[in-house]
1. Take the cross-link list B:K135/B:K281; B:K62/B:K234; B:K130/B:K281; B:K123/B:K281; B:K103/B:K348 and give me the ones stretching past 18 Å between alpha-carbons.
2. At 4 °C and a viscosity of 1.567 mPa s, what translational diffusion coefficient does Stokes-Einstein give for the range B:60-133, taking Rh as the Kirkwood radius over Cα pairs? Give it in µm²/s as a whole number.
3. Only Cα pairs under 8 Å and at least 6 apart count here; give the relative contact order of chain B as a rounded whole percent.
4. Go through the range B:401-503 and name the GluC sites (Glu not before Pro) that are in a DSSP coil and have 16 or fewer other Cβ atoms within 10 Å of their Cβ.
5. To the nearest 10 Å², what's B:M139's accessible area with a 1.4 Å probe?
6. Per residue of B:114-120, how many C-beta atoms from partner chains lie within 10 Å of its own C-beta, taken as a mean?
7. With an 8 Å Cα cut-off and a minimum separation of 6 or more residues, compute the relative contact order for the range B:177-336 in percent.
8. Which aspartates and glutamates have a Cα lying under 16 Å from the Cα of B:K55, excluding residues fewer than 8 positions away in the same chain?
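The values are calculated or read from the model by the stated rules, or taken from the named source; none is laboratory data. Keep in mind the model is a prediction, meaning the values are calculated, not measured. Cβ sites come from the backbone with ideal geometry, for glycine too, and all protein chains shown count toward neighbours. To get the accessible areas, we keep the full protein, side chains included, count just its heavy atoms, and leave off ligands, DNA and RNA. Shrake-Rupley method; radii C 1.70, N 1.55, O 1.52, S 1.80 Å.
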Amino acid sequence: MPVRIWGDAVVGLRSPVPQVQEIVFRNFYTAFLSVRVQRPGPGGSRRWMTCLRDLCLMPCPHTEEGSQDYFCLHRHQVSMSGWDRGVTSLWCSPLSAHTPGWLPLQGSGAHVPLTPMAARVPVPHSAPPALTGRCLPWTSSIWGGLGVLGGCPKSCPQSVPAPVVTLPVPSLQMLCDLDQVTAMRFILRQPSPVWLHFTIEDLQIFPLGQKSPQKDFPSWLSQLTPPEQPASLHGELPDPEKVSTEVQQMWVLTEVIRARQAAARIGRFDVDGCYDVNLLSYT
Amino acid sequence: MLEPDRGLSLTIARVVQRLQGSSLHSQLERQARVSLHKPEIKLESLKEDIKDFLKTSGWEKKLQNAVYSELNVFPSPCHPAAPPEHIKEPLAYMRKAQGSWEKRILKSLNSMCTELNIPLAQKRPANEQKELLNKWNEMGTDEPDLSLFRPVYAPKDFLEVLMNLRNPNYENGEQPSFRNHLGLIQVPLKVKDIPELKEDFNELGLNIGQLGIDDSAQVPPEFFENEHVRVGQKVLAEQDSAAAQQYVRQGCPTALRADLWALILNISNQPEDILYYEQLKSNVIQHDLLVDSLIYKDVKLTASNDDYYFVFEDYLYQVLLCFSRDTSVLEHFTYSSATPPKSYIQGKLGMEEYAVFYPPNGVIPFHGFSMYVAPLCFLYHEPSKLYQIFREMYVRFFFRLHSISSHPSGIVSLCLLFETLLQTHLPQLFYHLREIGAQPLRISFKWMVRAFSGYLATDQLLLLWDRILGYNSLEILAVLAAAVFAFRAVNLMEVTSLAAAEAVLADLSTLKVMPLLQIFLFATVT
């Protein structure tokens, strides 16, 4: 039975987008996402460039984590919040030919070239083990090197201890600018054979100047103000104008907060004193 | 998945929004205003002086504790595009399963109501109100006829539902393969393995002092216990929630436990809290709910029959009846996969202005629910404080034990964690029990759903719940369940039926939880 081990989708844009600001989507069981964009190249031609390589959406592709989460990619994204805890673990394991659906490791059974993002890091077999290893049912031979992640002992047919090296998660970086984009290609990868389908849904691309809908919160909270230095009063009286402005500002702030009525918890569960309930509603 | 700055801003905004209008907020304002009379507050440096005053008077610490409490309870904000149901439960099929389960419960309650011809809720007549008020402190002496009432569901009914949970996108083949799990739970949630658990629970390690091990009679108290008590007193003096949470990972001294738990849960029992409890009490007096009879029945069947807890019967009614009327509990539904049942008063179906939640707190108790409250009665004797502690424990932890979700502390994950730990580290035992038709989860499920209440001796249970609070996670329940099986493995290997296996594990009252956990996590050869 053929196992769908990768998929790709091509999304075309109607007209060139001056600058892509944000890409928002909902995941559906895609483990890794790469994005390629078509941009004008030298001499007026258009060429494809990789702007994102193997962004990990599911830290452990055999399990549910991240499988239906919402993701947002910004043009200047420099770190992967939420996946910093994820450990990019690599392990090598001699895979048995009896296990259906598995492909043999390329090269020797003990070495697997690792390409979490851009760097290829060969792992020496003598590296000190960080964790007890678990075997991994897919290999680098499919697409020339892949970051392998997580630990999924329960769905692995063999729990062969193997040396494991833990590497820090590299920062996510857009590999090229998102300017003058004429086409985008989203390459979805799901190495685990346990899922029937995988895709991304509700894909939205926001050009510069148009941000994704944000929850409403006061603008004064969106700036992280550094701790203020206390005013130095050595031998000087402060400027009364300045003081009164500051006091006025604080007063206004207090009034703004007071005016914002917090949802009062009155604790009423009845309607005008009546709470005669006969049957529960199913809708 | 958000940019770090935006995520932090959203978190700050959410916490500010939640604390606005709270009694702490008005107290801080009042304190700031009062401080204006003090000589050390100068107009030129008003903002800084008030900030310093709040710091030195301990009010900043109270605010820190409140913020810490909010961060512990509410999940981190996800992308603004994520709808509210995604925050409740990210996986669509789990939401659907929870919805179906809830519908079953509603149908069960409706049919009980129709059969017995009793309304779900009605106003109590004046003479009944007076009677109830008079015997409020001795409701246990009442012997109402509860024979016609039956619990809405029992843990084993819930287990059947969890066993049938399937991800429609997962290849659940008929043929046994690596895709099928050998246990009862068939959903592929991520659960931790022992190395990860060792890291998470590293304060339970062999070289770190623990209450429950290093305070036994054979160990001189100078080695660990005296110093630990001294540190605990210091933590209480500082009134720091985060420090308390770290401290209790090594266990609470009995004399300090009540105060430490209250500090971690940020419960201070202010006059307005006592007033709120009294308001709930008056709600109980005014309206009679069918759910009250379910509570009565549950208490009579469980806690009243328990050697340790029967003395607290009256307290249990005072807490649980008020709990059912508490609308502030509705807030936890934003981060719970469950939804409160809805109804319409006076039969005005579909008219939103007559829509109400039933019961007012949205939680329908099941068989064994009162056992969540019973152990707390050893610590708190003042009803309003006992009530608040229980409510906070429920909206932080216990609600996850009876709803279907993918959360790591949810019951589904705990079941899978238990089965995986057992299968990985005691494969022979697991295989043997499976072969004789005694799937281990069938025995351990009831322990985990009740957080071991009623199964362990109370002092051991409280040591376990110390760690639930300390680690802000229920995963320790699954680890303990596996550790219990490991402890009794030799006997279990000899049984040949489910009934015999249950008999081996029927009595846990002699077990010491901390040595079991330590051995299982840190001293078992993998």
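1. Values: B:K135/B:K281 12 Å; B:K62/B:K234 16 Å; B:K130/B:K281 13 Å; B:K123/B:K281 14 Å; B:K103/B:K348 20 Å.
Too far apart for the 18 Å limit: B:K103/B:K348.
2. Values: Rh = 17.3 Å.
Using the Kirkwood radius from Cα pairs, D works out to 75 µm²/s.
3. Details: 600 pairs, mean separation 98.8, N = 526.
Relative contact order for chain B comes out at 19 percent.
4. Working: sites: B:E419, B:E435, B:E475, B:E494, B:E502; in loops: B:E494.
Answer by residue number: B:E494.
5. Rounded to the nearest 10, the figure is 0 Å².
6. Values: counts 2, 0, 0, 0, 1, 4, 6.
The shielding value for this peptide is 2.
7. Details: 77 pairs, mean separation 24.2, N = 160.
This gives 15 percent for the range B:177-336.
8. Partners within reach: A:E228, B:E29, B:E40, B:E238, B:D240.
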